[in-house]
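Undergrad: Below: one structure in structure tokens.
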Amino acid sequence: MFDPIEKLKEYVRHASVSADPKFQSGMDGARDFVATLLRDMGFAVEVVPTALHPVILAKRGDNPAWPHVIIYGHYDVQPPDPLDQWHTKPFDPVIKDGRMYGRGTADNKGPLMAHLAAVGRLLEKNPNLPLRITFMVEGEEEIGSKHFKEFLLANKEKLRGDFVFLSDTGIPNPDQMVVTVGLRGMFACEVEITGPKSDLHSGMYGGVLMNPLQALAELCASLHTPDGRVNIPGFYDRVIEPEKWEREQLATLGLKEKDFAAFLGIKEFHTPPGYTPFEAIRFLPTLEFNGFSGGYQGEGTKTVIPAKARVKITCRLVPGQTPDNMRETILATIRARCPKGVTLTITEQHSAVPYVVIPPDRSNTPKDQSPVLARAFRALEQSATDVWGKPPLYLREGGSVGLIADLKQVLGLDAVMPGLFLPEDNLHAPNESFHLGVMQKGIELSEQTLAALAKQ
């Protein structure tokens with residue numbers, strides 16, 4: 001059996017940044033590392049090409065009577081910039097105070113290594129384990145899984161399983177396991193407002209035409225009410241309210257608003273009425289401005305009326321909403337609110353469908369829920385209770401992971417998602433790290449869950 005910590009070090013040394021072609025050798029190295037490790041564990045490994053970065057598909061077990069678990073992960077990571085803010089070299093892993101520092105340690109190389117180590121232990125103990133296991137490890141998650149849906153459609157027959165098992169979500173602290181049961185969707189667009197044919201001198205022409213920056217500011221200001229709600233007619237009409245048990249699970253977590261505000265570095269919250277901040281980021285849709293541009297951005301003053309101004313907008317969507325049924329609701333309002341005297345152009349960008357899975361034995365658990373999925377949730381709950389010393393909580397997360405909805409849409413599979421990274425792990429930021437105590441618990445959790453599923 002391999003040492004998971006040493007293997008994780010080796011894995012992190014491959015600078016697998018999918019967004020930058022300069023890191024292609026790191027992408028190749030990380031892909032080959034995972035493929036080789038799986039072959040050494042006895043898996044039949046196929047590296048499936050896509051239009052950009054390949055997907056690793058590794059299988060063991062062929063008895064159709066056995067449950068079939070598909071374990072997902074990704075071998076790509078975020079760019080390490082800004083490099084001057086790292087305390088260690090991002091691709092030279094260092095262990096300090098029970099953590100491994102390095103880009104990708106928490107997202108997603110460490111959590112994937114936990115599942116690899118768990119399966120390795122199980123197969124070492126029982127090479128004939130009555131469980132079909134498929135690892136599906138992609139290389140484009142950090143750039144939006146651009147070709148993943150195409151891969152799923154082309155490989156549906158190979159991926160007929162019972163559920164997807166993955167750890168690419170978080171937990172609040174090392175002492176509380178959280179199983180993610182929901183992710184918000186996404187609708188993104190860029191709005192461009194054009195005024196004059198070129199930038200103009202503000203002294204010579206100011207006051208006689210609508211300034212694109214002013215038009216953009218007025219438009220954006222109209223999209224929220226003072227109490228924090230999105231000011232678009234019909235925006236909330238399709239929202240499905242959370243169940244009572246979901247609010248109770250979140251309350252059990254015992255989060256304090258004062259501590260949360262201090263963590264964020266803000267003085268007060270701006271949350272729509274009727275929701276705590278913790279509920280709002282899980283249960284409510286949003287409309288956010290992610291970036292403005294236009295006019296002079298340098299030092300000092302340049303007295304100019306810009307020809308163009310732009311804003312990037314993302315809407316997080318919740319169950320009941322989809323990019324398709326919300327698109328025109330959002331865009332029609334933007335068009336209607338645009339001031340006169342300028343031209344509006346809207347460019348749609350990426351999108352994702354919200355995803356929710358209901359654990360068994362809840363009031364709203366679907367009656368036709370897969371028996372294997374229900375057994376997997378129960379096995380996970382028992383394993384988490386054994387390893388963490390208390391039952392897990394089932395919570396939605398505020399982020400969007402479009403590939404989870406794609407798995408459901410294309411393969412008809414739900415996801416079981418025990419979280420393994422922490423808020424202080426600095427995902428996507430300098431000094432990313434992974435808590436090695438959580439990693440060890442994750443290995444035990446995965447091993448016990450899969451062993452229990454095999455016994456059933």
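Undergrad: State the number of residues belonging to segment 185-204 that are crowded, with 16+ Cβ neighbours inside 10 Å and basic (Lys, Arg).
TA: 0
Undergrad: Does GLY265 satisfy being at positive phi and either surrounded by 12 or more Cβ atoms within 10 Å (Cβ to Cβ) or touching a Pro at 6+ places or on another chain (Cβ under 8 Å) (or both)?
TA: no
Undergrad: Name the one entry in GLU268, GLU288 that is free of Cβ contacts under 8 Å to residues at least 60 places away in the same chain, in contact with a Cys (Cβ under 9 Å, 6 or more places away or on another chain) and not aliphatic (A, V, I, L, M).
TA: GLU288
Undergrad: Could you list, in sequence order, all residues of segment 235-271 that are assigned to a helix (DSSP H, G or I) and either in contact with a Leu (Cβ under 8 Å, 6 or more places away or on another chain) or under 13 Å from TYR394 (Cα atoms) (or both)?
TA: LYS244, TRP245, GLU246, ARG247, GLU248, GLN249, LEU250, ALA251, THR252
Undergrad: Next up: Quick check, is GLY161 part of a loop (DSSP other than H, G, I, E, B) and crowded, with 19+ Cβ neighbours inside 10 Å?
TA: For GLY161, the condition - part of a loop (DSSP other than H, G, I, E, B) and crowded, with 19+ Cβ neighbours inside 10 Å - is met.
Undergrad: Right, something else. Go over the candidates VAL119, VAL137 one by one and state the one that is buried (at least 16 other Cβ atoms within 10 Å of the Cβ), under 30 Å from ARG103 (Cβ atoms) and under 18 Å from the mean Cα position of the chain (by Cα).
TA: After applying the criteria, what remains is VAL137.
Undergrad: Inspect segment 46-65 for any residue being free of Cβ contacts under 8 Å to residues at least 60 places away in the same chain, under 25 Å from LEU407 (Cα atoms) and assigned to a strand (DSSP E or B) and give the result as yes or no.
TA: Taking every residue of segment 46-65 in turn, at least one turns out to be free of Cβ contacts under 8 Å to residues at least 60 places away in the same chain, under 25 Å from LEU407 (Cα atoms) and assigned to a strand (DSSP E or B).
Undergrad: Out of all the residues in segment 347-376, which are without any contact (Cβ under 8 Å) to a residue 60 or more places away in the chain, surrounded by 15 or more Cβ atoms within 10 Å (Cβ to Cβ) and in a helix (DSSP H, G or I)?
TA: Of everything in segment 347-376, just one residue is without any contact (Cβ under 8 Å) to a residue 60 or more places away in the chain, surrounded by 15 or more Cβ atoms within 10 Å (Cβ to Cβ) and in a helix (DSSP H, G or I), namely ALA374.
Undergrad: State yes or no: is LYS96 within 26 Å of the chain's Cα centre (by Cα) and basic (Lys, Arg)? Steps first, answer last, please.
TA: Working: within 26 Å of the chain's Cα centre (by Cα): no; basic (Lys, Arg): yes.
When the stated conditions are applied, LYS96 does not pass them.
Results for (1) over 15 Å from GLY104 (Cα atoms); (2) exposed (fewer than 14 other Cβ atoms within 10 Å of the Cβ), shown as yes or no for each residue.
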residue: LEU38; (1), (2): yes, no
residue: PHE43; (1), (2): yes, no
residue: GLU46; (1), (2): yes, no
residue: ARG60; (1), (2): yes, no
residue: ALA65; (1), (2): yes, yes
residue: HIS68; (1), (2): yes, no
residue: TYR75; (1), (2): no, no
residue: PRO79; (1), (2): no, no
residue: ASP84; (1), (2): yes, yes
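Undergrad: Next question, about the same structure. Give the residues of segment 82-129 that are under 12 Å from LEU436 (Cα atoms), in contact (Cβ under 8 Å) with a residue 60 or more places away in the chain and either of a type in the set (Lys, Arg) or part of a loop (DSSP other than H, G, I, E, B) (or both), sorted by residue number.
TA: Within segment 82-129, GLY98, ARG99 meet the criteria.
Undergrad: For segment 26-50, what are the residues that are acidic (Asp, Glu) and touching a strand residue (DSSP E or B) at 6+ places or on another chain (Cβ under 6 Å)?
TA: Passing the criteria: only GLU46.
Undergrad: Does PHE289 qualify as being crowded, with 16+ Cβ neighbours inside 10 Å, among the aromatic types (Phe, Trp, Tyr) and either in contact with a Gly (Cβ under 7 Å, 6 or more places away or on another chain) or at pLDDT 95 or above (or both)?
TA: No: the conditions fail for PHE289.
Undergrad: Test ALA384 against the stated conditions and say whether it is modelled with pLDDT of 95 or more, among the hydrophobic types (A, V, I, L, M, F, W, C), buried (at least 20 other Cβ atoms within 10 Å of the Cβ) and in the same structural domain as PRO130 (by TED's automatic domain parsing). Talk me through it step by step, then tell me what you get.
TA: On the way: modelled with pLDDT of 95 or more: yes; among the hydrophobic types (A, V, I, L, M, F, W, C): yes; buried (at least 20 other Cβ atoms within 10 Å of the Cβ): yes; in the same structural domain as PRO130 (by TED's automatic domain parsing): yes.
For ALA384, the condition - modelled with pLDDT of 95 or more, among the hydrophobic types (A, V, I, L, M, F, W, C), buried (at least 20 other Cβ atoms within 10 Å of the Cβ) and in the same structural domain as PRO130 (by TED's automatic domain parsing) - is met.
Undergrad: For residues in segment 312-329 being under 18 Å from GLU192 (Cα atoms) and under 23 Å from the mean Cα position of the chain (by Cα), which is surrounded by the most Cβ atoms within 10 Å (Cβ to Cβ)?
TA: The initial filter retains those residues of segment 312-329 that are under 18 Å from GLU192 (Cα atoms), namely 312-315, 327-328.
If we keep only those that are under 23 Å from the mean Cα position of the chain (by Cα) as well, we get 312-315, 327.
Working: LYS312: 16, ILE313: 20, THR314: 18, CYS315: 24, ARG327: 15.
Filtering first and then ranking leaves CYS315.
The values are calculated or read from the model by the stated rules, or taken from the named source; none is laboratory data. Because the structure is a prediction, the values reported are computed rather than measured. Cβ sites come from the backbone with ideal geometry, for glycine too, and all protein chains shown count toward neighbours.
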